[in-house]
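These notes concern the structure reproduced below.
Rule-based calculations on the coordinates, nothing more; no lab input. Because the structure is predicted, anything quoted here is derived from the model rather than measured. Virtual Cβ from ideal backbone geometry, glycine too; neighbours counted across all protein chains shown.
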Amino acid sequence: MLKVAKFGGSSVAEAAQFKKVKGIVESDPARRIVVVSAAGKRSSSDHKLTDLLYLCHAHLTYGVPCDNILQLIQERFVEIRDDLGLAYDVEGDFMALRAGLTRDTSVDELVSRGEYFTARLMAEYLGYEFVDATECIFFSYNGQFDLEKTYDAIRKAASQDRGIVIPGFYGSVPTGKIKVMSRGGSDVTGALAAAAVDADVYENWTDVSGILMADPRIVKDPDPIECITYDELRELAFMGASVLHEDAVHPVRAKGIALNIRNTNQPEAPGTMIVADLETADEQQNRFITGISGRKNFSVLTMKKTNMNTNVCLQQCLKVLEKCNVPAEHITLGLDTFALVAATSVLSDRLFEVMGEIQRICEPESLRLEESMALVALVGRKMTCRPGTAGKVFQCLGSHGINIRTINQSADEISITVGVDNKDYEAAIRLLYDEFAG
Ligand code: ASP
């Protein structure tokens, strides 16, 4: 059995968290590959070291001194080291870092140091080997991962007797320079490591006991999801449930590796298991609905043209959106009308261009824009081929005076998405949760 365990920023924020990580790693000899983020917030008013490093870089760029911020960052690492009684020469490495900083220092190089120092400390604390991400996570010139080279290097690094610790979030390009991923990228490093060694499980340790069935800011104490398929996860994440970096799913999914979201502060909780295979998923979960998520602030562009060939007009409108880089999230099609739904934040920047082009190309009888719509998605693999679910959704919302403005069911029937007014968003989620999960 081989497990890759990735620990997020809050799991490595201070010495007390490092101790929990050690307890978790030592409780299972299969946890031989550890990936860490940079130390995160210790409390809600604290700072993530990655944010501070980005801030330092902005100071450097504009020629503003950033010694105080660098000092803060150094002190965080020194404190962890001293509290744990480790020997790593943080001050020496920091001195070298500071001495090399100029206006031209690359942002990637500087912000990657959050993960680097955290991983150095973690490796010493666990008694594992430190393996720098520049030596095992490789990008090609086109910015994509060089998977072959990456997997070979990780496999080789992992083949030694001791376990290894890899800093997340960065790797190197063919010239050897450091490149960081987008924010939250340590999830991706963990997924690549798991795929490289064909791990049995990729554990992603964070500060919640798995993925919740609904947003806890809206629904009081929603239940955690025990088991979810990769397809359902995509639906939930797309509709706003923030779980994992979206690029983290592909490497493990492609290899059929299960992904387990766990809580460092509650290691006994099983967390959420994300699996490819439906049978395993269904054995583990009795619930009819897997989760409910959604997002506010969509715009609906409705077009009417009697006797038009709707399909031609629709294609023309979609081309306009594509040209303007505005993805259509949903399409509702009638005989002489159709509506396109797009995120207001994206559409508003290009609104006049989009409306003008559609007017010019399609010459509709009417073209209407409505803003402030929210999308709410009910997701569950067990809805497939089960009559009555959509009816229940409409009945539940309708009987509480919530008007449904758009309706969409995914082709595989694992999600039903309805558009409601922004002001009804929270109520709709609570009602659907009570109806299907409560
Ligand atoms: N430290 C980076 C961030 O804050 C990467 C990560 O945490 O995964 O985004």
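At-a-glance table
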| item | result |
| --- | --- |
| Those lysines that a straight Cα-Cα span of less than 21 Å connects to K255, excepting residues fewer than 8 apart in one chain | K3, K6, K149, K156 |
| Ascending count of other beta-carbon atoms within 10 Å, so fewest first, for V320, V312 | V312, V320 |
| Average Cα contact separation per residue, the chain, under 8 Å, 6 or more apart, as relative contact order % | 13 |
| Charge dipole (debye, nearest 20) of segment 237-366; +1 at Cβ of Lys and Arg, -1 at Cβ of Asp and Glu | 240 |
| With at most 14 other Cβ atoms within 10 Å, longest stretch of the chain clear of loop chymotrypsin sites (Phe, Trp or Tyr not before Pro) (DSSP) | 289-438 |
| Assigned charges on the beta-carbon of Lys, Arg, Asp, Glu; the chain dipole about Cα centre (debye) | 500 |
| Pair-distance profile P(r), taking every C-alpha pair of segment 62-157, with 10 angstrom steps and integer % | 13, 38, 31, 17, 1 |
| Radius of gyration and Dmax over the Cα atoms of segment 206-265, both given in Å | 11.8, 36 |
| When segment 323-376 is reduced to its Cα atoms, the Kirkwood hydrodynamic radius in Å | 12.2 |
| Gain on full stretching of the segment that runs from L367 to E26 - 0.36 nm per residue minus C-alpha separation | 116.5 nm |
| Within the chain, percent of DSSP bridges classed antiparallel, to nearest 5 | 60 |
| Rg/Rh for the chain, where both radii come from Cα atoms and Rh is the Kirkwood radius | 1.02 |
| Within the chain, longest stretch free of exposed trypsin sites (Lys or Arg not before Pro) [DSSP loop, at most 13 other beta carbons within 10 Å] | 221-438 |
| Share of Cα-Cα pairs in segment 116-265 lying beyond 23 Å, as whole percent | 39 |
| Calculated diffusion of segment 97-143, Stokes-Einstein form, Kirkwood radius summed over Cα pairs, 25 °C and 0.890 mPa s, µm²/s | 196 |
| Neighbourhood charge, 10 Å Cβ-Cβ cut-off, centred on V90 and excluding it, Lys, Arg +1 and Asp, Glu -1 | -3 |
